[in-house]
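Just below is one structure, and these are the notes that go with it.
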Amino acid sequence: MGFYGRFRYTLTFMQAMAGNFPEKIIVNDALPSWFHCGRCNALFEAPIGKLENRVCSKCGGIPCLGDEVSAESANPSLFAHARTAEPSKQTFRKRKKSHLFLKLGVASIAIIGLMVFAGNSFKQRHAPAVAATPVSDAKLRALESDSALITDAMPQASATLAGFLAATTPEQRNQFVLAPIKTAPKMAAFYSNNPLVKIDPATMKITQRAVLNLPHTEALETTWTSTDGYKIDAVFVKEADEWRLDWNHFVRYSSYPWPLFLSGSGPEVGEFRLLARQRLADERKAADSISLVLYPPRFGSPIETGQQSPEFLVLKNSQEGRQLDAGFVTEKAGKRAFGVKLPDENPGGLIRVHLKVRRSEGDAGRKFEIEQVIACHWYSTTEPGLVLPDQPAAK
């Protein structure tokens with residue numbers, strides 16, 4: 001049995017189940033098609049051809065719908081619906097579930113957001129009011145003041161340094177320094193024993209700057225580098241409405257070259273700006289004195305030092321000992337004198353000291369003694385700029 005025969009057999013069986021039989025059903029593979037009568041709704045077999053040549057075998061009339069019936073061409077929409085009806089229901093259910101989960105998720109997020117908002121609002125309403133303290137206000141004013149001072153001072157300070165470096169004699173340089181009349185004889189003596197370092201101002205570039213809170217005056221500390229390899233820190237102090245260079249700090253002023261002084265040359269007492277290192281600090285905690293050695297600094301190279309000195313012993317309960325102790329404590333804490341906000345350029349563990357040293361000759365040989373610790377910094381002021389330990393009570 002061919003395809004059409006099987007198809008006719010199936011349709012006949014369906015008609016039988018529905019109680020609607022065609023009057024004449026011939027199972028013959030030679031007849032290619034069955035037709036549907038639009039008048040009586042019966043199926044009948046007829047040869048393919050024009051509509052007027054077909055006659056319904058049941059009602060005897062010409063069908064109003066007379067086209068060949070095939071598996072899907074009879075009613076494509078019906079077959080399409082039959083193929084897709086069940087998946088459509090499943091898709092609808094899936095979409096319905098998907099929309100349900102989406103709505104639940106959105107609702108959950110909204111509820112959580114409302115809870116957080118309500119909690120924050122409650123905290124803000126019931127949190128104690130934090131008023132601006134006088135300390136924070138003072139810090140803010142200090143920052144604004146420091147910024148204004150730097151903005152005002154830097155052009156003049158830069159011009160001062162450029163003029164100082166461009167000058168070729170101590171007399172010419174003197175016009176750019178702090179307290180020029182008082183400093184002039186010191187400059188003359190210093191440059192008679194030390195070379196006049198020449199640096200082209202055009203090679204200098206500023207890298208750091210900060211306000212230096214010296215007592216009774218405005219000051220600015222800066223750091224510069226040059227293409228020649230120099231690294232210099234320069235302090236400028238406002239004097240008579242001019243920003244002048246702190247020359248003592250700039251050259252690390254000493255009244256006599258330290259190496260020559262140690263060798264026995266020069267005056268018995270000298271004023272020096274040196275670097276100090278404490279010896280055996282942990283081992284000597286119980287001792288009544290501080291052991292330290294001194295080094296001369298190298299101009300333009302803060303990480304290098306000169307030759308180490310002999311050992312110096314300073315009583316801890318003396319004024320000198322308390323200043324040195326404060327200097328080492330400050331260095332260990334990563335801070336600096338007068339609270340200047342610039343990093344310490346010294347080699348690790350060393351502090352800057354300004355002191356007077358006495359040299360004596362005796363039967364036991366040459367002896368050195370720290371006569372006075374003027375300060376644990378190199379600025380021109382003698383103010384300590386550090387918090388000193390309390391003076392121990394007299395026994």
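Just to be sure, is A364 of a type outside the set (D, E), at pLDDT below 95 and closer than 30 Å to T222 by Cα? No, not satisfied. Restricting attention to the range 175-217, the residues that are surrounded by 15 or more Cβ atoms within 10 Å (Cβ to Cβ), farther than 20 Å from G163 by Cβ and either without any contact (Cβ under 8 Å) to a residue 24 or more places away in the chain or acidic (D, E) (or both) add up to 0. Can you tell me which residue is modelled with the highest pLDDT among those in the range 118-167 that are over 26 Å from F250 (Cβ atoms) and of a type in the set (V, I, T)? Only one residue tops the list, namely V135.
The set of residues from the range 170-203 being hydrophobic (A, V, I, L, M, F, W, C) and within 40 Å of the chain's Cα centre (by Cα) comprises F176, V177, L178, V197, I199, A202.
For the range 253-275, the condition holds for at least one residue, the condition being that it is in contact (Cβ under 8 Å) with a residue 12 or more places away in the chain, basic (K, R), buried (at least 17 other Cβ atoms within 10 Å of the Cβ) and not assigned by TED's automatic domain parsing to the domain that holds A153. Checked against the criterion of being in a strand (DSSP E or B) and without any contact (Cβ under 8 Å) to a residue 24 or more places away in the chain, the candidates V353, V357, V293 yield just one match: V293. Of the residues that sit in the range 360-369 and are in a strand (DSSP E or B) and charged (D, E, K, R), which one is farthest from the chain's Cα centre (by Cα)? It comes out as E361.
Note on the range 331-340: among residues that are surrounded by 14 or more Cβ atoms within 10 Å (Cβ to Cβ) and not β-branched (V, I, T), the one that is nearest to Q278 (Cα to Cα) is E331.
Residues of the range 326-346 include none that is assigned to a strand (DSSP E or B) and closer than 23 Å to G300 by Cβ. Of the residues that make up the range 268-282, is at least one basic (K, R) and at pLDDT 95 or above? Yes: the range 268-282 contains one or more residues that are basic (K, R) and at pLDDT 95 or above. Set side by side, the residues K238, K285 differ, and just one is assigned by TED's automatic domain parsing to the domain that holds P215, surrounded by fewer than 21 Cβ atoms within 10 Å (Cβ to Cβ) and among the basic types (K, R), which is K238. Do you know which of the residues in the range 172-199 that are of a type in the set (D, E, K, R) and at pLDDT 95 or above is farthest from R298 (Cα to Cα)? Going through the qualifying residues, I end up with K182.
Of all residues in the range 290-333, count the ones that are within 24 Å of T382 (Cβ to Cβ) and small (G, A, S). The number of residues fulfilling the criteria is 6.
The values are calculated or read from the model by the stated rules, or taken from the named source; none is laboratory data. All of these numbers come straight from a predicted model, not from anything done at the bench. Quick reminder, even Gly has a Cβ in these numbers, built from the backbone with ideal geometry, and neighbours come from all protein chains shown.
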